[in-house]
Amino acid sequence: MSFEEDFSNDPLHAKKKAWSGRFSEPVDTFVLRYTASVDFDKRMALADIQGSLAHAAMLQKIGVISEKDLEDIRRGMAQIKEEIEKGVFEWQLELEDVHLNIEARLTALIGDAGKRLHTGRSRNDQVATDIRLYLRGEIDTIVSRIEHLQEVLVAQAKRGNDIIMPGFTHMQVAQPVTFGHHMLAYVEMFERDRERFLDVRRRVNRSPLGAAALAGTTYPIDREYTAELLGFEAVAQNSLDAVSDRDFAIEFCAASSVLMMHISRLSEELVTWMSQRFSFIKLPDRFTTGSSIMPQKKNPDVPETARGKSGRVYGDLIAMLTLMKGTPLAYNKDFQEDKEPVFDTIDTVKDTLRAFCDMMAGVEPRADMMLQACQAGFPTATDLADYLVRHGVPFRTAHDIVGQTVREAANRNCGLEELPLDVLQSFSKEIGEDVYEVLKLEGSVKARNHLGGTAPEQVRKQVTRWEGIIAERNAK
């Protein structure tokens, strides 16, 4: 039975395939459900239409189809696109995937012209083209949301440029920093994430269209033309590689995993900072929930959920790596399993970024609680050591002196800045009255006034730099 009869004339077409002529019996119903992908790959429908229109334009350009056929294909695809966007397109499981569903509908709408569309291509290069087109657009959305989150964090840094909080190492109070400086640390992390996605996009944006099943086609196709029509930056140079390559999708999942790791670290800090032991911040109520039994609870559900979802994205990356590690060239049915991990990663990353853009804009730092927390842990001990070094004491000697000083303050249950001058001088005669300026929290952060330092002046400079970067991006 011909392809045309499968989809046009036979009332039992749902039990038959575009390739059914080779087989003596229909596919088992369970096998059909097990192997079909239309339930999840239909989200690539608009990309599939876009790729098909470019392929049709190329076929007309080289004289394989007529101008009338091209006009019919464009008209039919416009109607299909409208049906899909309105949610009235009838997806049929029996047609396996997004490609055959659209092709069958096109043939039903325009007849013979629809049957000519697949000339010179295979579903192998078709799906490889679709996923690249689809992923390219999703990367653009993700990059845009990362930039929005950076903008929110820069605004927080501007407001909190002189709010002093404890900086931690090993979760122990280490040195005082500013809240603005802390927010800018994540801005830098997300900038590297942004760069990674843009770099991945370059490798995504290469056209496999024209590779056909695996060896190319006998038709005199113009691959550069279709690549140009579809906005690809380059053409895949080897047909075997073009249809069997999915490393770009793995790389996307890897970049997403790093992004989610950064978001998870921020989530962990938000959860910690919101706890009663810290009380460093207030989260907007709309991003928290209560307890079913304890009415006093206000739980940071969004950060906790994001922290958990990082593991989900890591799992998608491992799934992709495992999927591809044993597949020989060229296309294999295994590749059908590449889409759900990628789609899941896309959805998780986009939703998480959306939530964090809104939530971080509403975070309220509690300067009083942060300052109070700075009083514990002797955060200006390093400043005292630096003070001694500036007065000629070797650093290792100064380190030992400060250790003794800290022990004395701990015994007295007071801060270093509360020790009397004569007590301080008992550890070193190099200590003078000016030491108290060094031991103040404000003096400590102000003294770190260099590129990358936590001083409020440096935070303001970094905020200005980032505001310029953001303005330049928004102007494009």
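Subtracting the Cα-Cα distance of Arg473 and Val406 from their residue separation scaled by 0.36 nm leaves 19.3 nm. Averaged over its residues, the chain has an accessible area of 48 Å² per residue, based on protein heavy atoms and a 1.4 Å probe. Of the peptides 343-354, 455-466, the ranking by mean beta-carbon count within 10 Å, highest at the top, reads 343-354, 455-466. In terms of its Cα atoms, the range 88-163 spans 71, 29, 20 Å along the principal axes, sorted from long to short.
Only DSSP H runs of four or more residues enter the estimate; each adds -39500 (n - 2.57), and after division by the residues of the chain the mean residue ellipticity at 222 nm equals -20000 deg cm²/dmol.
When the listed pairs Lys86/Lys115; Lys298/Lys461; Lys282/Lys309; Lys282/Lys476; Lys309/Lys446 are checked against a 30 Å cut-off, the alpha-carbon distance exceeds it for Lys298/Lys461; Lys282/Lys476; Lys309/Lys446. The length gained on full extension between Met369 and Lys86, counted as 0.36 nm times the residue separation minus their Cα-Cα distance, comes to 96.6 nm. If you take the square roots of the eigenvalues of the alpha-carbon gyration tensor of the range 352-434 and sort them as a ≥ b ≥ c, do you get rounded (a/c under 1.5), prolate (a/b over b/c) or oblate? It is prolate, given that a/c is not under 1.5 and a/b is the larger ratio.
Amide H contacts of Ala236 (H built 1.01 Å from N, in plane; Pro and chain starts excluded): Ser207 sit under 5 Å, all sequence-distant by 5 or more or on other chains. Along the axis of the charge dipole computed for the chain (Cβ charges of +1 for Lys and Arg, -1 for Asp and Glu, origin at the Cα centre), the listed residues Gln237, Leu270, Leu53 are led at the positive end by Leu270.
A protection proxy built from the mean count of other Cβ atoms within 10 Å ranks the segments 195-207, 399-411, most packed first, as 195-207, 399-411. Long hydrophobic helices in the chain, taken as whole DSSP H segments with a C-alpha length of 27 Å or more on their own axis and mean Kyte-Doolittle hydropathy at least 0.5: 247-274. A protection proxy built from the mean count of other Cβ atoms within 10 Å ranks the segments 419-430, 168-179, 139-150, most packed first, as 139-150, 168-179, 419-430.
For the range 422-454 versus the range 170-239, the spacing of their alpha-carbon centroids is 47 Å. Shape analysis of the range 144-212 yields a ratio of the Cα radius of gyration to the Kirkwood radius, Rg/Rh, of 1.28. Projected onto planes of every orientation and averaged, the convex hull of the alpha-carbon atoms in the range 321-381 covers 8.7 nm². Mind sorting out which of (1) 1.15; (2) 0.94; (3) 1.35 is the real Cα Rg over 2.2 N^0.38 Å computed from the coordinates? Label of the calculated value: (3). According to the Kirkwood relation over distinct C-alpha pairs, the hydrodynamic radius of the range 397-468 is 14.0 Å.
The values are calculated or read from the model by the stated rules, or taken from the named source; none is laboratory data. Computed from a predicted structure; not experimentally measured. Please note: Cβ atoms are built from the backbone with ideal geometry, for glycine as well, and neighbour counts cover all protein chains shown. All accessible areas refer to the heavy atoms of the entire protein, side chains included, with ligands and DNA or RNA removed. Shrake-Rupley method; radii C 1.70, N 1.55, O 1.52, S 1.80 Å.
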